[in-house]
RNA sequence: GCCAGUGUAGUUCAAUGGUUAGAACGAGGGAAUCAUAACCCCUAGACAGAGGUUCAAUUCCUCUCACUGGCACCA
């Protein structure tokens with residue numbers, strides 16, 4: 001039976017249309033999900049939307065809509081982005097879904113209550129009349145609310161709290177032992193030191209009179225769940241936890257990987273595991289924490305006019321170019337920058353001039369010299385056209401220590417490219433894995449230069465066949481490696497060379513047909 | 001303020017206690033013509049600053065400067 005792999009993105013907050021950060025998170029999750037599938041795992045990939053809370057209520061009000069109508073209008077935008085980016089999610093959960101989400105969230109609450117970890121306590125906070133909500137110290141400028149310029153009132157009210165402090169040692173232990181992994185290492189250190197400083201209990205509900213748009217506390221309808229139990233629980237409610245059909249939950253939980261942004265590390269690295277421990281459920285196996293996407297070095301904002309709309313980019317350049325940029329040009333775990341100038345530069349350099357041009361030149365020669373058809377040459381013929389010694393291959397550490405004088409293209413790919421690629425993927429270093437692919441392309445372009453098949457064909461057609469075979473083999477290998485990242489492009493390449501992508505057999509021949517260049521220069 | 005981390009070519013990144021610190025994009029030049037004037041080759045260009053440890057430091061230590069993240073109820 002296939003091993004399972006449960007992967008999630010954070011649920012997107014729908015107070016505004018989808019932004020590039022969510023697009024990146026989806027694409028990262030998708031690349032990993034596709035990779036896991038290729039490795040033979042049974043993948044369950046969840047994404048969704050977070051639709052409750054005061055901010056949504058305010059956004060709805062500003063739009064002159066009821067909360068329900070507002071979120072219902074917003075969700076299709078998120079789904080459209082998902083479909084335009086070729087995201088292969090199995091499921092989409094909405095926290096406002098009373099049938100799928102509410103029962104599980106309330107069930108989770110009851111479990112925590114049964115564990116004795118929910119208690120009532122006076123909560124005192126700074127209440128801003130303008131916000132009609134509590135604000136924090138950070139919202140204050142000179143003691144006044146930065147948005148409304150008013151001095152907040154200090155108000156006390158009774159809320160439920162969750163005894164998070166009780167689980168600190170267990171959480172810390174799980175993180176330090178590697179039972180609950182956090183990528184990258186720096187984020188693991190960050191959350192570990194946060195835990196070491198000590199954990200306080202967290203407020204877990206708000207009076208319903210203040211926030212009606214949410215999930216009622218099961219035992220007390222005068223209170224609405226605060227975000228933790230409402231939103232984090234999506235990861236299990238989507239699997240049917242607390243519903244009539246918990247089978248998927250039993251099969252797929254715990255999550256193998258939660259993909260999140262650095263801004264919500266604490267919730268996923270402390271509060272969520274605390275809740276799970278209290279409920280007697282397993283902890284997720286790992287957290288993947290990415291950074292932010294800026295634009296021109298600054299946070300995107302309407303006033304600066306530097307907001308990048310992912311839907312617009314897909315519209316004008318295509319889905320795979322955007323996927324490419326988000327996965328390779330933005331460092332996997334760090335922050336990254338997105339400007340259209342840079343995007344076009346990269347598009348031309350790596351996609352048009354690099355990948356696209358390579359496919360063009362190879363297919364053109366095969367079509368021109370051999371009517372588009374090539375059979376795999378014999379080993380003897382192939383061994384007469386190894387890659388040159390000055391190539392990147394011979395600068396690899398692994399190669400330096402070997403005694404090899406020359407090496408074939410297929411040996412190069414199987415023994416040196418794939419292991420490095422796989423090693424990067426196992427650490428979820430998506431950019432590094434893609435770097436490997438473009439190194440191969442560079443090697444292949446240089447290989448054309450070494451043997452000059454366009455010249456060689458006039459004197460030695462047999463040898464030319466071997467050279468072109470290797471180039472086609474290289475193109476197909478690149479397509480294979482590309483599958484998690486640029487699935488549409490990978491499929492196109494398989495189809496251009498007339499091979500079945502699903503076949504695991506060795507390629508025996510290619511029938512080439514290129515209708516249009518892969519990426520036209522911009 | 002406290003804690004953690006980062007500072008390498010115009011830009012994005014890599015590596016290393018010891019011969020010329022790698023690559024990509026961008027720039028300049030050359031060669032080539034299979035290809036989307038793409039590709040290939042060559043050139044220019046960097047270890048934040050100051051001390052220290054060491055036979056030897058970009059790499060280890062200290063300090064200064066700069067930047068980033070965290071210091072909890074923000075999705």
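We did not get these values from a lab; they are worked out from the coordinates using the rules stated. Because the structure is a prediction, the values reported are computed rather than measured. Cβ sites come from the backbone with ideal geometry, for glycine too, and all protein chains shown count toward neighbours.
If a paramagnetic tag sat 7 Å from the Cα of residue A:194 along the Cα-Cβ line, which residues of the stretch A:157-177 would have the backbone N under 13 Å from that point? Of the residues in the stretch A:157-177, A:172 have backbone N under 13 Å from the label point off residue A:194. Of the three principal axes defined by the Cα atoms of the stretch A:256-394, the extents in descending order read 66, 45, 30 Å. I'd like the orientation of helix A:20-38 relative to chain A: the angle between its Cα long axis and the longest Cα principal axis, in ° from 0 to 90, rounded to 10. Once rounded, one gets 60 degrees. 7 Å from Cα along Cα→Cβ at both residue A:90 and residue A:500: what's the point-to-point distance in nm? About 2.6 nm separates the two model spin labels. Based on every Cα atom in chain A, Rg and the maximum pairwise Cα distance Dmax equal 26.9, 90 Å. Comparing Cα centroids, the stretch A:249-317 and the stretch A:173-195 end up 16 angstrom apart. With label points built 7 Å along Cα→Cβ from the Cα atoms of residue A:415 and residue A:250, find their separation and express it in nm. It is 5.0 nm. Using only alpha carbons, the stretch A:349-511 has a radius of gyration to Kirkwood radius ratio (Rg to Rh) of 0.94.
The angle separating the long axis of helix A:487-496 from the principal Cα axis of greatest extent in chain A is about 20 degrees.
Quick one, what does Rg over Rh come out to for the stretch A:429-522 if you take C-alpha atoms and the Kirkwood Rh? Write down the numbers at each step before the final one.
Values: Rg = 14.3 Å, Rh = 14.5 Å.
When Rh is taken as the Kirkwood radius, the ratio is 0.98.
FRET efficiency for the residue A:380 to residue A:423 pair, using the beta carbon distance and R₀ = 30 Å, is estimated at 0.35.
222 nm [θ] for chain A, helices only, -39500 (n - 2.57) per DSSP H run of 4+, per residue, to 500?
On the way: 20 runs with 209 residues, N = 522.
Roughly -12000 deg cm²/dmol at 222 nm, from the helical runs in chain A.
Diffusion of the stretch A:157-272 by Stokes-Einstein, at 10 °C in a medium of 1.306 mPa s and with Rh set to the Kirkwood radius over alpha-carbon pairs, works out to 100 µm²/s.
Rank these for me by crowding, A:180, A:161, going from fewest to most other beta carbons within 10 Å.
Working: A:180 24, A:161 21.
Taking fewest neighbouring Cβ atoms as first place, the list is A:161, A:180.
Helix A:185-196 and the longest principal axis of the Cα set of chain A meet at an angle near 20°.
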